[in-house]
Amino acid sequence: MKETLHDYLRTARESMVWKLDGLGEYDIRRPLTPSGTNLLGLVKHLSIVEAWYFGKTFDRPFAEELPWWDDDAEPNVEMWATADETRAEIVDRYQRACAHADATIEALDLDALGEVPWWRKPSVTLHGILVHVLAETNRHAGHADILREQLDGAAGMSPTNSNLPEQDAAWWANYRERVEEAARAAG
């Protein structure tokens, strides 16, 4: 079970990083929702998720300082990249945080106990944290899917797997129009 969960987590992580490929700096950083959601910010956020949930929770701290969640940090600062933070820096940090998380996953049994002090019920197992981080990563991968499709039409899990029916642009335009018509009729 641990290997299955870990494999799904690795796949979701790869999808997150792929969403940045081929896009310019502006497009990976620009806010595409009223709440400011952006592709590079999602990756930056997930570096904290990996480092904290697999590090702090199991008393295996990530060696690098991640000040974005300090008590005095600006709200939501981990959800966007400053002009001084590079794509490479953020992606590399995310991959290092994932490698650190992988070491924790590999070292501990699924029933290993940890504590998430900011949760209402802080006592957890590695199994629970694996499920939690897998769910959170996939949630943000879904956000990234929508953002990327808005930017250049690229969709799916990887460059070779759109996970969508293989149809031409005319079919998709017709399909979208049918969905729009149904929405208007119901509304």
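The values are calculated or read from the model by the stated rules, or taken from the named source; none is laboratory data. Everything numeric in this text was worked out from a predicted model, so none of it was measured. Using ideal geometry, Cβ is built from the backbone for each residue, glycine included, and neighbour counts are taken over all protein chains shown. Heavy atoms of the whole protein, side chains included, go into the accessibility calculation; ligands, DNA and RNA do not. Shrake-Rupley method; radii C 1.70, N 1.55, O 1.52, S 1.80 Å.
Entry note, the chain: the mean residue ellipticity at 222 nm calculated from DSSP H runs of n ≥ 4, each adding -39500 (n - 2.57), is -18500 deg cm²/dmol after division by the residues and rounding to the nearest 500. Each Lys and Arg adds +1 at its Cβ and each Asp and Glu adds -1 at its Cβ; summed about the Cα centre, the chain shows a dipole of about 460 debye. Note that the range 6-18 has calculated 3J(HN,Hα) couplings of 5, 4, 5, 5, 4, 4, 5, 4, 4, 5, 4, 5, 4 Hz, one per residue in order, obtained from phi through the Karplus relation 6.51 cos²θ - 1.76 cosθ + 1.60 (θ = phi - 60°); glycine and proline are x. Think of the chain as a dipole: +1 on every Lys or Arg Cβ, -1 on every Asp or Glu Cβ, centred on the Cα centre; then among A183, A81, P165, A183 lies furthest on the positive end.
Is the shape of the range 1-93 rounded, prolate or oblate, going by the alpha carbon gyration tensor and its root eigenvalues a ≥ b ≥ c, with a/c under 1.5 for rounded and a/b larger than b/c for prolate?
oblate
With contacts taken as Cα pairs under 8 Å at a separation of at least 6 residues, the range 1-154 carries a relative contact order of 32 percent. Under 5 Å from the amide H of L20 lies no amide H of any residue 5 or more positions distant or on a separate chain, with H modelled from the backbone and absent for Pro and chain starts.
So if I place +1 on the C-beta of Lys and Arg and -1 on the C-beta of Asp and Glu, and nothing else carries charge, what would the dipole magnitude of the range 1-109 be about its Cα centre? I want it in debye, nearest 20.
It works out to roughly 380 debye.
Once all protein chains are placed together, L164 keeps about 80 Å² accessible to a 1.4 angstrom probe. Loop sites by DSSP among the chymotrypsin sites (Phe, Trp or Tyr not before Pro) of the chain, restricted to those with at most 12 other Cβ atoms within 10 angstrom, leave 1-117 as the longest stretch without any of them. Note that the chain presents 58 Å² accessible area per residue, ligands and nucleic acids not counted, probe 1.4 Å.
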